[in-house]
Amino acid sequence: MTTLMTRPDAASAPQGGAPAPARVGTGQGMVVFWVAAVALPLLFLGVFFAWPVVALVARGFVTDGSLDLSGFVDVFSRPRTWRIVGQTLAQATVATVLAVSLGIPGAYVLYRRRWRGRAVVRALVTVPFVLPTVVVGVAFRSLLVSGGPLGFLHLDGTFWAIVAALVFFDYAVVVRGVGGMWERLDPRASQAARALGASPWRAFRTVTLPALVPAIASSASLVFLFCATAFGTVLILGGLQFGTIETEIWVQTTQFLDLRAAAVLSVVQLAIVAFALTLAGRARARRERALALASASDAVRPLTLRRPAGSPRGDGHGLALAAAGATAVVVVLLCLPLVNLVVRSLRVGDGWGLDHYAALGSTSSGVPVSVWTALATSLRTALVATVLALVVGGLVALVVSRRPRRALGRRAVAGLDAVFMLPLGVSAVTVGFGFLISMHDPFGLDVDLRTSGVLVPIAQAVVAVPLVVRTVLPVLRAIDPSLRSAAATLGASPGRVLRTVDLPLAARSAGLAIGFAFAASLGEFGATSFLARPTDPTLPVLIFKLIGRPGADSYGMALAASVILAALTAAIVATCERLRTPTTGGDW
Amino acid sequence: MPRRQLLITASVAAAALALTACSSGDDDTAATPSGTPTAGKDVTLVTHDSFALSDGILDDFTKKTGITVKVVQPGDAGTLVNQLVLTKDAPLGDATFGIDNTFASRATDEGVVVPYTSSAPAAADAAKHGGGDGLTAIDYGDVCINVDHAWFAKKKLAEPTTLDDLTKPEYKDLLVVPNAVTSSPGFAFLLATIGAKGEDGWQDYWTALKKNGLKVADGWSDAYYTDFSGGGGGGPRPLVLSYASSPPETVPEGGGDATTGALLGTCFRQTEYAGVLAGAKNPVGAQELIDFLLSDEVQADIPGSMYMYPVSTSVQIPDEWKKWAPLSSSPFDVPSDDITAHRSEWLADWSATVIG
């Protein structure tokens, strides 16, 4: 039985006196609040995502003022198209399965267990997520290239090199997404199962895992979207023979300006993404229920290599050790390219030194600003993007966490949820080029937003919003509705319930969400590279410039700058994790 | 129950709101622009992401003319041209720099630029490099195979010199080139082989290259730093497609000879142009900027900043360039019109032949 400690989903509660579903307020103020909570994010997404994308895709389907869908026939009659669709699905699916199966033990070890150095490793695994792909390409390929440290594996330019890099990038997504949920899961449920005679493995499989399914499905859908739209990784590590829909859209748009083919491919991409989201949504919805959540400090136990004194065999210690072992291997593998990066950044001529780091303050290498200036720009931009993403994403999560009683309402909520995931599944090139044709004088205003730099944090926020939603939502959804009912029964107004029940609980996951959103904004390259002003490049854009110039010095500086970006990300993520308020869970 | 319907109503209202925002002009979300410039005082240069000039040069232009230059760099040369074509009804700026001879006729055919003949002293030099009446040549350079001298010296192997040498068995598994589809130097090398082997012979040449262990990397930096042995990244291959101007960057810190060199029998000549964009808000400022790009100040700065040769014959070429970065005396050439007419077809053929 999986319902040992989890409470029945309120929507299916049979008794008449069952707690009402999450209350949507009735007061005048609440009406305004909920309208705004839906309208504001939709407006944001509509203007800065849907409109540019639709504008560009429409160009591909309109010839001389009339609709022309012949592109579909044309594109689908090319055998290449089918190969590309197949490769996209294969790469994304294999990478997602791997990331999830490696990420679950990782989430357990890094979030459910306590040990020395945990904070460092947690931050470390997030680093790959923000590294510019061009740098990861260097870090990875110089390991795999024949003659390199891992050259004997003959992985260079293979399917598996791409998959490995995709897992490298997205491992953190699963670890953080699942871990955030797991550390709050009340341990009493599985303890009860164990007391009733279930083995540790069985207790995990029948109690813990089902409770985690929503979080796993959430993370898996994120990883799938990231993988299905990976661009630089695929090109650098595999080349065009492993081309995906995303790389093909890039080639057709930027190199051939074949907007017709690009539009067809964008529609195909959208269809795949929508299908994946529906699948994940189903898996989530079936398992999503109010869970007994505990405060992390109650649920997390120390991790020891030796069996705790006095505990019997079969106490799950072996399972924990296996998870720890698997995680250790993954962390070492993640570190290889990172260490390679650091080592290369210290290489000066035939010797070693900090010369490349010393050069970071200079603008001598033909770049418009120093690395430090670009770093400041990056931080400023990412900060604005994070605030935007938190406001928009927080509102979306709040709305989507409601459970309307009518099917139509539930569908509307699910639809809203899916719509905000789309920015991760649509090509950055489509968005970037879309901005170009839609933002020259938006709404008749006499401003050219395209070259103003204003769009940079906005484009980053569009990408970060889904991460915020996916991090905050599982926690909000797991809030026991009876908590809200109890508050209401005791006379709290709907607004007060929201303030005193939902917000404090959501705030606990805010640290995780902020860290995630900040990291994503900091590392965003695709859309930023189209929109950033050359005089104010962000750090990833500057690194890309540096590595595009000849000379060992530019190369060394690019690597040193990447190490700085990585270190900074790790520090920020670690700090954000500390932001999480350790309130006690005993009061509910 | 009103509260259940509320959510639906709210969603519908929001959707309606979003739609209105898209179609009408009464929204203020976007009203956070920087100050609107006075006409004529600003000029926007749209260029590729390799554009760079030394500090203070564009400020000198402002001092001389009172015009401030804003630079926009949307991507590589291909992305630049395609964005210019896409936005020609509402151009991204006033002037453009960086359209090269592989894209020139596409840009002029699409009407991206308007005719302008510069009156700068170097304009006569520029005219020798083509471009028609819409485009003004600013700089040029050769895309050639680069060789790691040290590697060949160590192996006591004679360095290859021609395109045909590259297909010989003694040079098996030694060459890396960037992808012609995703990289502009990669495409330039494809053009070199088309110029050398003819429109019907180049496919066989590439088949032979492939048989001889050719490696195709994604972009220039990937090939030069990861696969090439002489670029500083310590890769395994001693032959790479790069520029004739790359070798001076490999002169060791303490002086001495450049450790790499360009094979001047394998080159494609690339010329970069500037032009006044059609629909420019400040066409006069754009013209002045183009004149400035031809001035001695900018022309002399081009080798150090952009690794290209200036078109002007009146400025000094850096000494290390004379020594380590000579130009090819007989680069291969393909007419710009042919390139525009056949680009897609050639790239599709190339992909089929080389990538499979």
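Looking only at residues in the stretch A:241-293 that are part of a helix (DSSP H, G or I), modelled with pLDDT under 85 and of a type in the set (Lys, Arg), which one is nearest to residue A:58 (Cα to Cα)? Checked the stretch A:241-293; the qualifying residue nearest to residue A:58 (Cα to Cα) is A:282.
A quick yes/no check of all residues on (1) at pLDDT 95 or above; (2) hydroxyl-bearing (Ser, Thr, Tyr):
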{"residue": "B:231", "(1), (2)": "no, no"}
{"residue": "B:245", "(1), (2)": "no, yes"}
{"residue": "B:249", "(1), (2)": "no, no"}
{"residue": "B:252", "(1), (2)": "no, no"}
{"residue": "B:274", "(1), (2)": "yes, no"}
{"residue": "B:279", "(1), (2)": "no, no"}
{"residue": "B:292", "(1), (2)": "yes, no"}
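Among all positions in the stretch A:51-63, there is at least one residue which is within 22 Å of the chain's Cα centre (by Cα), surrounded by 21 or more Cβ atoms within 10 Å (Cβ to Cβ) and on the phi < 0 side of the Ramachandran plot.
Restricting attention to the stretch A:28-38, the residues being within 7 Å of chain B (Cβ to nearest Cβ), surrounded by fewer than 21 Cβ atoms within 10 Å (Cβ to Cβ) and under 26 Å from the mean Cα position of the chain (by Cα) number 0.
Here is the figure for the stretch A:224-272: residues that are surrounded by 24 or more Cβ atoms within 10 Å (Cβ to Cβ) and charged (D, E, K, R) total 2. Kindly establish whether residue B:250 is surrounded by 24 or more Cβ atoms within 10 Å (Cβ to Cβ) and facing chain A (nearest Cβ under 9 Å). Criteria not met by residue B:250. Please verify whether the stretch B:166-177 includes one or more residues that are under 24 Å from the mean Cα position of the chain (by Cα), closer than 21 Å to residue A:140 by Cβ, surrounded by 24 or more Cβ atoms within 10 Å (Cβ to Cβ) and not assigned by TED's automatic domain parsing to the domain that holds residue B:52. Within the stretch B:166-177, one or more residues are under 24 Å from the mean Cα position of the chain (by Cα), closer than 21 Å to residue A:140 by Cβ, surrounded by 24 or more Cβ atoms within 10 Å (Cβ to Cβ) and not assigned by TED's automatic domain parsing to the domain that holds residue B:52.
When each of A:285, A:203, A:261, A:211 is tested for being over 17 Å from the mean Cα position of the chain (by Cα), within 14 Å of chain B (Cβ to nearest Cβ) and farther than 29 Å from residue A:138 by Cα, the lone residue that passes is A:261.
Would you mention how many residues in the stretch B:45-57 are more than 18 Å from the chain's Cα centre (by Cα) and in contact (Cβ under 8 Å) with a residue 12 or more places away in the chain?
Result for the stretch B:45-57: 2.
Applying the set (1) within 12 Å of chain A (Cβ to nearest Cβ); (2) farther than 30 Å from residue A:560 by Cα; (3) surrounded by 23 or more Cβ atoms within 10 Å (Cβ to Cβ) to residue B:271 leaves exactly one unmet item: (1).
Here is a check on your reading of the model: is residue A:526 of a type outside the set (Lys, Arg) and on the phi > 0 side of the Ramachandran plot?
no
Residues of the stretch A:372-397 that are surrounded by fewer than 21 Cβ atoms within 10 Å (Cβ to Cβ) and either of a type in the set (Val, Ile, Thr) or within 14 Å of chain B (Cβ to nearest Cβ) (or both): A:373, A:384, A:387, A:391. Among the residues of the stretch B:184-230, those that are in contact (Cβ under 8 Å) with a residue 60 or more places away in the chain, within 14 Å of chain A (Cβ to nearest Cβ) and of a type in the set (S, T, N, Q) comprise B:184, B:229.
Residues in the stretch B:163-180 that are modelled with pLDDT under 95 and assigned to a strand (DSSP E or B): B:178 alone.
Of the residues contained in the stretch A:107-125, none is found to be of a type in the set (A, V, I, L, M, F, W, C), under 30 Å from residue B:229 (Cβ atoms) and touching a Pro at 6+ places or on another chain (Cβ under 8 Å). Of all the listed residues (A:225, A:212, A:185, A:144), the sole one being of a type outside the set (D, E, K, R) and under 30 Å from residue B:233 (Cβ atoms) is A:144. In the stretch A:417-449, of all residues being facing chain B (nearest Cβ under 7 Å) and surrounded by 21 or more Cβ atoms within 10 Å (Cβ to Cβ), the one that is farthest from residue A:230 (Cα to Cα) corresponds to A:442. The set of residues from the stretch B:53-69 being out of contact with any strand residue (DSSP E or B) (no Cβ under 8 Å at 6 or more places or on another chain) and within 14 Å of chain A (Cβ to nearest Cβ) comprises B:53, B:54, B:55, B:56, B:57, B:59. When the residues of the stretch A:21-76 are filtered to those that are in contact with a Pro (Cβ under 8 Å, 6 or more places away or on another chain) and part of a helix (DSSP H, G or I), the one that is modelled with the lowest pLDDT is A:30. When the stretch A:360-371 is filtered for residues that are within 13 Å of another protein chain (Cβ to nearest Cβ) and touching a Ser or Thr at 6+ places or on another chain (Cβ under 8 Å), the ones remaining, listed by number, are A:362, A:363, A:365, A:366, A:368, A:369, A:370. The requirement of being touching an Asp or Glu at 6+ places or on another chain (Cβ under 7 Å) and either facing chain B (nearest Cβ under 10 Å) or buried (at least 20 other Cβ atoms within 10 Å of the Cβ) (or both) is satisfied by residue A:400. Among the criteria (1) within 11 Å of another protein chain (Cβ to nearest Cβ); (2) under 21 Å from residue B:80 (Cβ atoms); (3) in a helix (DSSP H, G or I); (4) in contact with an Asp or Glu (Cβ under 9 Å, 6 or more places away or on another chain), the one residue B:340 does not fulfil is (1). Among the numbered conditions (1) more than 25 Å from residue A:229 (Cβ to Cβ); (2) surrounded by 22 or more Cβ atoms within 10 Å (Cβ to Cβ); (3) not aromatic (Phe, Trp, Tyr), the only one that residue A:149 does not meet is (2).
The values are calculated or read from the model by the stated rules, or taken from the named source; none is laboratory data. Bear in mind that the values here come from a model prediction, so they are computed numbers and not experimental data. Note: ideal-geometry Cβ built from the backbone for every residue, glycine included; neighbour counts use all protein chains shown.
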